[in-house]
């Protein structure tokens, strides 16, 4: 059983045999995410961005800034995988980044702008990938394995919904499941 505050939509599970329809849905989630995020943020009550979504969790503000940090990394991982032969990516300390001034105290507008542009680029690349390109991969040192672009697409689509679920927890009476 998973912790619904930590994992409002459950932990990531890669489909065993993803269909073209599932892949299209994941890419659509990525393409539409910045708009969906802005709509969710508009529903938050005054001051909610500075509240943690769970005890010992990040604040809503930290979640939004984390999303831009993480998804900028995703864009780079896509590009490296498409232009290099199984590159090793550089992981980063997400929790430490979330404690930096830009994540704790800075308005979220810049991160929303970053997400808008990054997701436009991500979607533009992903919709044009062929089956061979979807199987290109990068080596993830923390996971100690190669991650295909197909898996990364599903993982980051989940990541969008996962953190959207966290933000929804900041709305009184709302469910953390964005489905």
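What the table shows:
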item	result
For 88, 83, 59, order by how many other beta-carbon atoms lie within 10 Å, fewest first	83, 88, 59
Nearest-ten-degree value, helix 109-126 long axis tilted from longest Cα axis of the chain	20 degrees
Chain lengthening between residue 84 and residue 35 when straightened (0.36 nm per residue, less Cα-Cα)	14.5 nm
Computed lengthening from residue 99 to residue 132, 0.36 nm per intervening residue step minus Cα-Cα distance	8.0 nm
Tilt relative to the chain, helix 20-43 - C-alpha long axis, 0 to 90 degrees, to 10	20 degrees
Angle in degrees between helix 60-83 and the longest Cα principal axis of the chain, rounded to the nearest 10	10 degrees
135, 13, 151 arranged by Cβ crowding within 10 Å, fewest neighbours leading	13, 135, 151
For a label point 7 Å along the Cα-to-beta-carbon line of residue 92, residues of segment 45-82 with backbone N under 14 Å	63-78
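Just so you know, all these numbers are worked out from the coordinates, no wet-lab data involved. In this text the structure is predicted, and so the values were computed from the model without any measurement. Virtual Cβ from ideal backbone geometry, glycine too; neighbours counted across all protein chains shown.
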